[in-house]
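As structure tokens, the structure follows; a few thoughts come after it.
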Amino acid sequence: MRRRDRHGRGMRGPVAPPQVPLSASRADTFRDLVLDSVERLERRWPQLADVEFLVMEVPPPVSGESVVPLGGSTEAEKGEPARVVVYRRPVEIRSKGRDERALLVHEVVVEQVADLLGLSPESVDPRYGQDEQD
């Protein structure tokens, strides 16, 4: 007897076709949230076009540090662009659902951009800290 798989059903295909959002990975969906946030801020702050925005899974370990950061930023130096990093796993752990995650991602991006520009988060995005979205 020839068996195709454990239950004899044959090979299964993808759950959804690639163009359906269900097939987007969590990392892709998270990256899209960061890009949406950046696009929203670039309309108000055109100089952000020179900033590199990255998504990393987790922050690098820092000895003696008990708080896990949600993001970070570094200023431009020696031909390297300024960078803003959002750490995916810590943000996902602290948020429930897509809407809460999108709000938290935007807050992290605003905070890091504010740090780079030397401004308060409220001046970078007047709606910072409010529970509403576009």
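The values are calculated or read from the model by the stated rules, or taken from the named source; none is laboratory data. The structure presented is a predicted model; accordingly, all values stated were derived computationally and were not measured. Glycine also receives a Cβ, built like all others from the backbone with ideal geometry; neighbour counts cover every protein chain displayed. Accessible surface is based on the protein model in full, side chains and every heavy atom, while ligands, DNA and RNA are left aside. Shrake-Rupley method; radii C 1.70, N 1.55, O 1.52, S 1.80 Å.
Please check which bits of the range 64-107 a label hung off S120 would reach, taking the label as a point 7 Å along Cα-to-C-beta and the cut-off as backbone N under 19 Å.
Counting only backbone N, you get 107.
Could you list which residues have their amide H under 5 Å from that of G71, counting only those 5 or more apart in sequence or on another chain, with H placed in the peptide plane?
Y87
Classify the range 80-134: rounded, prolate or oblate, from the alpha-carbon gyration tensor (a ≥ b ≥ c, eigenvalue square roots; a/c under 1.5 rounded; otherwise prolate if a/b is larger than b/c)? Let's see the in-between values first.
Numbers: a/c = 2.82, a/b = 1.27, b/c = 2.22.
Oblate.
Could you check how much of the accessible area of the range 33-134 is carbon and sulfur, as a whole percent, using a 1.4 Å probe?
50
Full extension from R83 to R98: what is 0.36 nm times the residue separation minus their Cα-Cα distance, to one decimal in nm? If you can, show how the numbers build up before the last one.
Numbers: separation 15, 0.36 × 15 = 5.40 nm, distance 2.49 nm.
The R83-R98 span can extend by a further 2.9 nm.
If you take every residue apart from R98 with its C-beta less than 12 Å away from the C-beta of R98, what net charge results, scoring Lys and Arg +1 and Asp and Glu -1?
Numbers: positive: R26, K96, R101; negative: D32, D36, E92, D99, E100.
For residues surrounding R98, the net value is -2.
Under the classification rounded if a/c is under 1.5, otherwise prolate if a/b is larger than b/c and oblate if not, where does the range 26-93 fall, given a ≥ b ≥ c as square roots of the Cα gyration tensor eigenvalues? Could the numbers behind the result be given before it?
Working: a/c = 2.36, a/b = 1.26, b/c = 1.87.
Oblate, since a/c reaches 1.5 and b/c is not below a/b.
Find the accessible area per residue for the range 58-134; the probe is 1.4 Å, ligands and nucleic acids are left out, and the unit is Å². Numbers along the way, then the final one.
Details: 4700 Å² over 77 residues.
That works out to 61 Å² for each residue.
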